[in-house]
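The values are calculated or read from the model by the stated rules, or taken from the named source; none is laboratory data. This one's a predicted model, so the numbers in the text were calculated from it and none came from an experiment. Counting neighbours? That spans all protein chains shown, and the Cβs are built from the backbone with ideal geometry, glycine included. Only protein heavy atoms, including side chains, enter the accessible area calculation; ligands, DNA and RNA are left aside. Shrake-Rupley method; radii C 1.70, N 1.55, O 1.52, S 1.80 Å.
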Amino acid sequence: VINGDPLWALLGRFRADQRKNKIDLLVGVYRDEHGNTPVMKTVQDAEIHLAHEAHSKAYGMLSGNASFNQKMAKFVLGDSPSLKDQCTIQTVGASGALRLIADLISTLSPDSTVWISDPGYINHRPLMEGAGLTVNTYPWQNKNGQLDIDACFAALEKAKEGDVLLLHDPDTDAAGLRLIIEDADFAFIAASCSKNMGLYNERTGIATVVTTNHERHADIQTLLETITRANYSMPPNHGAAVASYLLDKPDAWLVELASYRSRVDTIRQALGAALQDRGAPAEFLDISHQKGMFSLLPLTKNQMLILQDEFAIYGMPNGRINIAGLKMTEIPQLADAIMSIISR
């Protein structure tokens, strides 16, 4: 028996569910109050501009859109001194970037162990193991959903020289990422435009290698291109061209993105308030103070299954829900369901 991806298997169950009040909190996409994932107005404007320019559809380079690569590296690293130490290639989304990086690690250091967080993103392990790498975990949160740094460091004491530590979204404003990169002799970055530009199905991302050994940059670039050539040859250009256009004139896009972020924060506050009004325990109220698209409900795997079976609310078995996919009108249903489950 071949087991499919657990996230997409759950999504299939959701789509087959005939209940009218079902709620999808699975896939990490932004939705408006109508339940739609809109195309950003600034993205539409960029696409119209590109269509009028009517650039050739001829093959590009193995490394992808050079302008996009340079602008994304600048966007991610900012004014960090590490900007001069980077080598960047376009990839098929961030997942493609992670797999490319995994293949690179496997080629250069096949005995390396990749350490991923627990809890963490569900696709990290298969991406790394698919490249033949050994994967181990370090704890990232305690039972109250807070960072348990002592447990984290205790687990990582077992790491050996040459191992790789995978961090997911280390800081919302990239300050943490840049600090880590500046202090590392050798580092990898996977980034995408899926969530910040809504280019989900365009699969637009980058893989960046940062090293102060500039003499190795050409070899690294060649090796990255060799790996992609044997995989998918070259990445598609449309999403990269859109992103490059927005990064060149970012003001309107950043204003639109801020409106999305503000709506997600409003949903968080409303859900936290609804749970507080219903007398939820303190660990559930952390939702109000957290950032980003996702949150981890402090529910067990069985409780998440009850949430699905009895209340038609679909989240991941580890408690992860997509806050950005929740409608304001669905908050009372979710809060009532959570209270019903934890009061049993």
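Looking at E202, E215 in this structure, which one is acidic (D, E) and without any contact (Cβ under 8 Å) to a residue 24 or more places away in the chain?
Going through E202, E215 in turn, the sole match is E215.
Are any residues in the range 151-172 over 26 Å from P235 (Cβ atoms) and not in a loop (DSSP other than H, G, I, E, B), and if so, which ones?
Listed by number, the residues that qualify are A151, C152, F153, A154, A155, L156, L165.
Looking for something part of a helix (DSSP H, G or I), surrounded by fewer than 18 Cβ atoms within 10 Å (Cβ to Cβ) and acidic (D, E) - is there at least one such residue anywhere in the range 320-332?
No, the conditions are met nowhere in the range 320-332.
Could you identify the single residue in V27, V39 that is in a loop (DSSP other than H, G, I, E, B) and in contact with a Leu (Cβ under 7 Å, 6 or more places away or on another chain)?
V27
For the range 173-201, what are the residues that are assigned to a helix (DSSP H, G or I), closer than 20 Å to I101 by Cα and open to solvent by less than 80 Å² (accessible area, probe 1.4 Å)?
L177, R178, I180, I181, S194, listed by residue number.
Which of the residues belonging to the range 212-268 are out of contact with any helix residue (DSSP H, G or I) (no Cβ under 9 Å at 6 or more places or on another chain), within 24 Å of I105 (Cα to Cα), open to solvent by less than 60 Å² (accessible area, probe 1.4 Å) and in a helix (DSSP H, G or I)?
Scanning the range 212-268 gives Q221, E225.
Given the residues A102, A97, A66, A73, which is the only one that is touching a helix residue (DSSP H, G or I) at 6+ places or on another chain (Cβ under 7 Å), over 17 Å from A174 (Cα atoms) and either among the small types (G, A, S) or open to solvent by 10 Å² or more (accessible area, probe 1.4 Å) (or both)?
Step by step, each of A102, A97, A66, A73 is checked, and only A102 is touching a helix residue (DSSP H, G or I) at 6+ places or on another chain (Cβ under 7 Å), over 17 Å from A174 (Cα atoms) and either among the small types (G, A, S) or open to solvent by 10 Å² or more (accessible area, probe 1.4 Å) (or both).
Among the listed residues L62, L83, which satisfies the condition of being part of a loop (DSSP other than H, G, I, E, B) and either without any contact (Cβ under 8 Å) to a residue 40 or more places away in the chain or over 22 Å from the mean Cα position of the chain (by Cα) (or both)?
L62
Within the range 284-295, is even one residue within 19 Å of E202 (Cα to Cα) and surrounded by 18 or more Cβ atoms within 10 Å (Cβ to Cβ)?
The answer is no; no qualifying residue exists.
May I ask you to list pairs of residues, at least six apart or on different chains, whose Cβ atoms are under 8 Å apart, with the first in the range 303-324 being at negative phi and the second being open to solvent by less than 10 Å² (accessible area, probe 1.4 Å) and among the basic types (K, R)?
Correct list of pairs: I323/R268.
Out of the range 103-119, which residues are of a type outside the set (D, E) and under 16 Å from A190 (Cβ atoms)?
L104, I105, S106, V114, W115, I116, S117
Considering each of I48, I89, I101, I116 in turn, give the residue that is touching a strand residue (DSSP E or B) at 6+ places or on another chain (Cβ under 8 Å) and either part of a helix (DSSP H, G or I) or on the phi > 0 side of the Ramachandran plot (or both).
Going through I48, I89, I101, I116 in turn, just one is touching a strand residue (DSSP E or B) at 6+ places or on another chain (Cβ under 8 Å) and either part of a helix (DSSP H, G or I) or on the phi > 0 side of the Ramachandran plot (or both): I101.
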